[in-house]
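The values are calculated or read from the model by the stated rules, or taken from the named source; none is laboratory data. Note that this is a predicted model, so its numbers are computed, not measured. In this analysis, Cβ positions are derived from the backbone assuming ideal geometry, glycine residues included, and neighbour counts consider all displayed protein chains. Side chains included, ligands, DNA and RNA excluded: accessible areas come from the protein's heavy atoms. Shrake-Rupley method; radii C 1.70, N 1.55, O 1.52, S 1.80 Å.
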Amino acid sequence: MIIFVTGATAGFGKAIATLFAKNNYSVIITGRRKERLEALAQELRQQYKVKILTLCFDVRHFAEVEKAVASLPPEWKEVDILVNNAGLAAGFGPIQEGQIDDWERMIDTNIKGLLYMTRQLVPGMIERKKGHIINIGSIAGKEVYANGNVYCATKFAVDALNKAMRIDLVQHHIKVSSISPGLAESEFSIVRYKGDLEKAKKVYEGVDPLTPDDIAETVYWVATRPAHVNILDIVLTAEAQANTTTPIRRKS
Ligand code: NDP
Ligand code: 8X3
């Protein structure tokens, strides 16, 4: 079985790639940071004796996505599972203070990147009459929260596309699922706060957040249901988080 994971250089994607490698899948790991991809590939090959292919590209650029998918060697072309995970939040503030560049990055990565990847890999799945697309959404795609505006909008779009793709692809025997996590610790907040480690650390202070391994286990469970079962969407949060608007319970 071949799984293609976008954004495997950190956080959820790295944990997903690792868990599937541990379970003998051939894994295509992708992202923009080449050294990280090579290091992870080496580690997984050594530890689990499985096949790993690295593809270094930016999901925001259709030409790069197209080139990356076209470059797949014949034995890697029949992708069984696509995990659309690459994504980010950039900035946290009211709409009137939003940075246009942040908006473009989020929209281009979280929505257009997911679409470009899907468009490139779905025709092969249709030909083979099988495949599974697993979209990483967010609880931010279910309920908006203060200062989350454009990030939330991109994740609402993922939620809509998840539902819409399923309608289009069901007749082709392709499963479409989404995983929608709440607060989880990864490099997410460092990216959102543009490298401000103090601000990023505060997000997780006094709380046991979800971990990338929690998300990987959920993706693995969704991907390994019997052929006749499709999981539409799983929303999961840390035990201390009720939703996106109620303050998270923190240890004093
Ligand atoms: P991380 O910042 O830890 O990892 C993000 C990954 O996405 C990296 O591997 C990064 O790789 C990749 N990525 C970002 N931009 C691009 C791009 N333009 N092209 C290719 N790859 C890209 O964050 P998480 O693991 O937490 O986030 C993964 C997904 O989960 C995102 O979609 C996020 O929105 C979602 N999510 C996160 C939650 C959280 O609280 N952490 C909760 C709910 C959802 P590189 O920089 O090397 O390109
Ligand atoms: C990331 C989760 O709600 O902290 O998608 O923005 S949230």
Checklist entry - What number goes with the only condition from (1) over 16 Å from the mean Cα position of the chain (by Cα); (2) at pLDDT 95 or above; (3) more than 10 Å from ligand 1 (Cβ to nearest atom) that SER252 does not pass? => result (2)
Item to check | Hits in region 16-47 (condition: open to solvent by 10 Å² or more (accessible area, probe 1.4 Å) and touching a residue at least 60 places away in the same chain (Cβ under 8 Å)) | outcome: THR18, LEU19, ASN23
Checklist entry - Across region 48-97, what is the number of residues that are over 24 Å from GLU35 (Cβ atoms), open to solvent by less than 70 Å² (accessible area, probe 1.4 Å), out of contact with any strand residue (DSSP E or B) (no Cβ under 9 Å at 6 or more places or on another chain) and β-branched (Val, Ile, Thr)? => result 0
Checklist entry - Is there a residue being charged (D, E, K, R) and within 16 Å of ligand 2 (Cβ to nearest atom) anywhere in region 159-174? => result yes
Checklist entry - From the set of residues in region 117-157 that are assigned to a loop (DSSP other than H, G, I, E, B) and open to solvent by less than 20 Å² (accessible area, probe 1.4 Å), which is farthest from LYS175 (Cα to Cα)? => result GLY148
Item to check | Hits in region 190-205 - residues which are assigned to a loop (DSSP other than H, G, I, E, B) and open to solvent by 30 Å² or more (accessible area, probe 1.4 Å) | outcome: TYR193, LYS194, GLY195, ASP196, GLU205
Item to check | Hey, THR211 open to solvent by 30 Å² or more (accessible area, probe 1.4 Å), within 16 Å of the chain's Cα centre (by Cα), more than 18 Å from GLY148 (Cβ to Cβ) and modelled with pLDDT of 95 or more or not | outcome: yes
Checklist entry - Within the group ASP108, ASP101, which residue is assigned to a helix (DSSP H, G or I), acidic (Asp, Glu) and under 19 Å from the mean Cα position of the chain (by Cα)? => result ASP108
Checklist outcome for this item: Among GLU239, GLU187, the single one that is of a type in the set (Asp, Glu) and open to solvent by 90 Å² or more (accessible area, probe 1.4 Å) is GLU239
Checklist entry - Across region 116-132, what is the total count of residues that are of a type in the set (A, V, I, L, M, F, W, C) and either modelled with pLDDT under 95 or within 14 Å of ligand 1 (Cβ to nearest atom) (or both)? => result 1
Checklist outcome for this item: Matching residues in region 39-58 (of a type in the set (Asp, Glu) and either closer than 21 Å to MET1 by Cα or in contact with a Phe, Trp or Tyr (Cβ under 8 Å, 6 or more places away or on another chain) (or both)) number 1
Next on the checklist: Being of a type in the set (A, V, I, L, M), under 28 Å from VAL27 (Cα atoms) and either in contact with a His (Cβ under 6 Å, 6 or more places away or on another chain) or in a loop (DSSP other than H, G, I, E, B) (or both) is the requirement here; does ILE179 meet it?
Outcome noted: no
Checklist outcome for this item: Over region 225-236, the set of residues in a loop (DSSP other than H, G, I, E, B) and open to solvent by less than 80 Å² (accessible area, probe 1.4 Å) is ARG225, PRO226, VAL229, ASN230, ILE231
Next on the checklist: On the basis of being open to solvent by 20 Å² or more (accessible area, probe 1.4 Å) and within 16 Å of ligand 2 (Cβ to nearest atom), does PHE12 make the cut?
Outcome noted: yes
